Amino acid sequence: MRVARPRPIQNSKFKIQNSSDPIAIALAEDIGAGDLTSKYFVGPERGRGRIFAKERAIAAGVEVAAEVFRRVDPKLKVRVVRKSGSRVAKGATVLEISGPVRSILTGERVALNFIQRLSGVATLTRSFVDAVGPRRTRILDTRKTTPGLRALEKAAVVAGGGVNHRFGLFDMVMVKDNHLLASAKLPALQKAIRKFRRENPGLRVELEADTLRQVRNFLSLDGVDVILLDNMKPADIAGAVRLGAGRVQFEASGGVALETVPAIAATGVDFISVGALTHSARAIDFSLELL
């Protein structure tokens, strides 16, 4: 797929100096050499504005939006009214900004983009957490995140009441079906687990199983912390939980929807991982209003 490249801008005010800073990247791609509309069509007057929700939601990314305005213009005064993780009603103010009106308008779109996207993740997460009900099962996120926004999206999951799974490939072992095909025999798998444990004390090991037979085999191995039950029916999940009770934790994954969460949680599984939290969350409608 060919992607259109923006026309280069000389003497750009906002340059991408740190590719791991999503705020810097967002400002650089939106503002570039400067906000031409605000420069030529907005006067130097000062004013106040607020960002408010246009629907019920779990707010997230509010502090990120505040940092956007501070970077656009240090003269702006920004106040977080509702912190990330707060339930907000339609019309509720989450952020107040005062200072040069030009600067408020320049930061508007980037600030809203972060709040709308991250509040969508938090709100969807809360829906899944509420679907679990009083059971002890916890909702996990995955690595199916927007490139460059993983840290922010995972923070939004926590704001919605979920729990973070591994951040990346470097902080936990997760042996999935394709890995098992490359090392299918149990003795080789056990040898690899022991080597990993020696060289990486404190990091967790998770193995993926899609049958109860695999679960039994994995329970015979030393050093396994979690068994991922992939696309299993609730009855099989419950059977796996009985087999490994008190020995390992279990995570259910695959085909999870709000309608199926109660039945999966009723099996006693420790975790349910939901890729949709970050790859399919609908943006929540927020708006900026000048006062």
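The values are calculated or read from the model by the stated rules, or taken from the named source; none is laboratory data. Only a predicted model underlies this, so the values are computations on that prediction, with no experimental measurement involved. Neighbour counts are summed over all protein chains in view; Cβ atoms, including those assigned to glycine, are modelled from backbone coordinates with ideal geometry. Protein only, heavy atoms only, side chains kept; ligands, DNA and RNA dropped before computing areas. Shrake-Rupley method; radii C 1.70, N 1.55, O 1.52, S 1.80 Å.
Given the criteria open to solvent by less than 30 Å² (accessible area, probe 1.4 Å), in contact with a helix residue (DSSP H, G or I) (Cβ under 8 Å, 6 or more places away or on another chain), at negative phi and at pLDDT 95 or above, does Ser12 qualify? Against the criterion (open to solvent by less than 30 Å² (accessible area, probe 1.4 Å), in contact with a helix residue (DSSP H, G or I) (Cβ under 8 Å, 6 or more places away or on another chain), at negative phi and at pLDDT 95 or above), Ser12 does not qualify. Right, Val78: assigned to a strand (DSSP E or B) and open to solvent by less than 50 Å² (accessible area, probe 1.4 Å) or not? Criteria met by Val78.
Out of the residues in region 265-287 meeting the condition of being open to solvent by 50 Å² or more (accessible area, probe 1.4 Å) and charged (D, E, K, R), tell me which one is farthest from Pro134 (Cα to Cα).
First, the residues of region 265-287 that are open to solvent by 50 Å² or more (accessible area, probe 1.4 Å): 266, 279-280, 282-283, 285.
Now restrict to residues that are charged (D, E, K, R): 282, 285.
Details: Arg282: 26, Asp285: 30 Å.
The residue in question is Asp285.
Do the conditions hold for Gly275, that is, is it under 30 Å from Gln116 (Cβ atoms), in contact with a strand residue (DSSP E or B) (Cβ under 9 Å, 6 or more places away or on another chain) and not basic (Lys, Arg)? It is true that Gly275 is under 30 Å from Gln116 (Cβ atoms), in contact with a strand residue (DSSP E or B) (Cβ under 9 Å, 6 or more places away or on another chain) and not basic (Lys, Arg).
Just name the residue that is nearest to Asn113 (Cα to Cα) out of those in region 128-149 that are of a type outside the set (Val, Ile, Thr) and free of Cβ contacts under 8 Å to residues at least 60 places away in the same chain. It would help to see each step written out before you state the result.
Going residue by residue through region 128-149, those that are of a type outside the set (Val, Ile, Thr) are 128, 130-131, 133-136, 138, 140-141, 143-144, 147-149.
If we keep only those that are free of Cβ contacts under 8 Å to residues at least 60 places away in the same chain too, we end up with 130, 134, 143, 147.
Numbers: Asp130: 26, Pro134: 34, Arg143: 21, Pro147: 15 Å.
Here the answer is Pro147.
A quick yes/no check of all residues on (1) closer than 23 Å to Thr125 by Cβ; (2) outside any loop (DSSP other than H, G, I, E, B); (3) open to solvent by 40 Å² or more (accessible area, probe 1.4 Å):
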residue	(1), (2), (3)
Val157	yes, yes, no
Gly168	yes, no, no
Leu180	no, yes, no
Pro187	no, yes, yes
Ala192	no, yes, yes
Ala238	no, yes, no
Ala252	yes, yes, no
Leu258	yes, no, yes
Ala263	yes, yes, yes
